[in-house]
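The values are calculated or read from the model by the stated rules, or taken from the named source; none is laboratory data. All figures in this text were calculated on a predicted structure; none of them were measured in a lab. Note that each Cβ is placed from the backbone with ideal geometry, even for glycine, and that neighbours are counted across all protein chains shown.
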Amino acid sequence: MSTDYVYNYEKLEIYQRSKQLIAELYKMTGKLPSIEKYNLADQTRRSVTSVCLNIAEGNSKYYKKEQARYADNALASLMEVNACLDIAVELDYVKIKDLEEARALIKEIYFKLIAYKKSKFK
């Protein structure tokens with residue numbers, strides 16, 4: 001995306017890292033069995049996209065309380081992503097070792113979102 005203007009949310013590291021997680025999980029879900037195309041793959045993609053979108057939308061809110069609420073939504077979606085990965089492992093669609101990068105990103109984003117949310121209450 002090339003524009004002359006950069007929106008504030010685009011500067012956030014949590015936003016940038018969440019886009020990396022999207023790319024990682026879109027690749028992974030593309031390898032799931034076709035039976036999961038409209039179930040686990042779709043749910044994983046929607047929830048990981050929701051993390052990024054909630055960060056962007058929340059950052060545009062004027063009141064810090066609203067920004068914190070969107071950070072909560074992003075956290076909830078992130079935990080949904082994590083649960084989807086647990087299911088994919090449980091169903092033997094992917095191996096735990098193949099999710100190391102995604103799990104590391106989830107952990108990083110999780111703690112950054114908590115810090116971001118706390119910063120809204122200072």
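Assess whether Lys65 counts as being under 30 Å from Ile87 (Cβ atoms), surrounded by fewer than 18 Cβ atoms within 10 Å (Cβ to Cβ) and of a type outside the set (S, T, N, Q). No: the conditions fail for Lys65.
I'd like to check something: does segment 15-26 contain any residue that is in contact with a helix residue (DSSP H, G or I) (Cβ under 9 Å, 6 or more places away or on another chain), surrounded by 18 or more Cβ atoms within 10 Å (Cβ to Cβ), farther than 16 Å from Lys107 by Cα and free of Cβ contacts under 8 Å to residues at least 40 places away in the same chain? Looking through segment 15-26, none of the residues is in contact with a helix residue (DSSP H, G or I) (Cβ under 9 Å, 6 or more places away or on another chain), surrounded by 18 or more Cβ atoms within 10 Å (Cβ to Cβ), farther than 16 Å from Lys107 by Cα and free of Cβ contacts under 8 Å to residues at least 40 places away in the same chain. Within segment 68-79, identify whether any single residue is under 19 Å from Lys27 (Cα atoms), surrounded by 16 or more Cβ atoms within 10 Å (Cβ to Cβ) and of a type in the set (A, V, I, L, M, F, W, C), and answer yes or no. For segment 68-79, residues under 19 Å from Lys27 (Cα atoms), surrounded by 16 or more Cβ atoms within 10 Å (Cβ to Cβ) and of a type in the set (A, V, I, L, M, F, W, C): present. Within the option set Leu91, Leu113, Leu99, being out of contact with any strand residue (DSSP E or B) (no Cβ under 7 Å at 6 or more places or on another chain), in contact (Cβ under 8 Å) with a residue 60 or more places away in the chain, of a type in the set (A, V, I, L, M, F, W, C) and over 15 Å from Leu25 (Cβ atoms) holds for one residue only, Leu113. Hey, any hits in segment 51-69 for a residue that's at pLDDT below 95, farther than 25 Å from Val6 by Cβ, aromatic (Phe, Trp, Tyr) and out of contact with any strand residue (DSSP E or B) (no Cβ under 6 Å at 6 or more places or on another chain)? Within segment 51-69, none of the residues are at pLDDT below 95, farther than 25 Å from Val6 by Cβ, aromatic (Phe, Trp, Tyr) and out of contact with any strand residue (DSSP E or B) (no Cβ under 6 Å at 6 or more places or on another chain).
I want to confirm something. Restricting to segment 40-52 and keeping residues that are buried (at least 17 other Cβ atoms within 10 Å of the Cβ) and free of Cβ contacts under 8 Å to residues at least 40 places away in the same chain, which single residue is nearest to Gly30 (Cα to Cα)?
First, pick out the residues of segment 40-52 that are buried (at least 17 other Cβ atoms within 10 Å of the Cβ): 40-41, 43-45, 47-52.
Narrowing the set further to residues that are free of Cβ contacts under 8 Å to residues at least 40 places away in the same chain leaves 41, 45, 47-50, 52.
Values: Ala41: 7, Arg45: 10, Ser47: 15, Val48: 14, Thr49: 15, Ser50: 18, Cys52: 19 Å.
Checked segment 40-52; the qualifying residue nearest to Gly30 (Cα to Cα) is Ala41.
Looking across segment 46-80, the residues that are assigned to a helix (DSSP H, G or I) and among the hydroxyl-bearing types (Ser, Thr, Tyr) come down to Ser47, Thr49, Ser50, Tyr70, Ser77.
Residues in segment 94-122 that are part of a helix (DSSP H, G or I), aromatic (Phe, Trp, Tyr) and either under 10 Å from the mean Cα position of the chain (by Cα) or surrounded by fewer than 17 Cβ atoms within 10 Å (Cβ to Cβ) (or both): Tyr110, Phe111. Restricting attention to segment 81-93, the residues that are surrounded by 17 or more Cβ atoms within 10 Å (Cβ to Cβ) and not in a helix (DSSP H, G or I) total 1. Taken over segment 27-39, the residue count meeting the criterion of being part of a helix (DSSP H, G or I), surrounded by fewer than 17 Cβ atoms within 10 Å (Cβ to Cβ) and not small (Gly, Ala, Ser) is 2.
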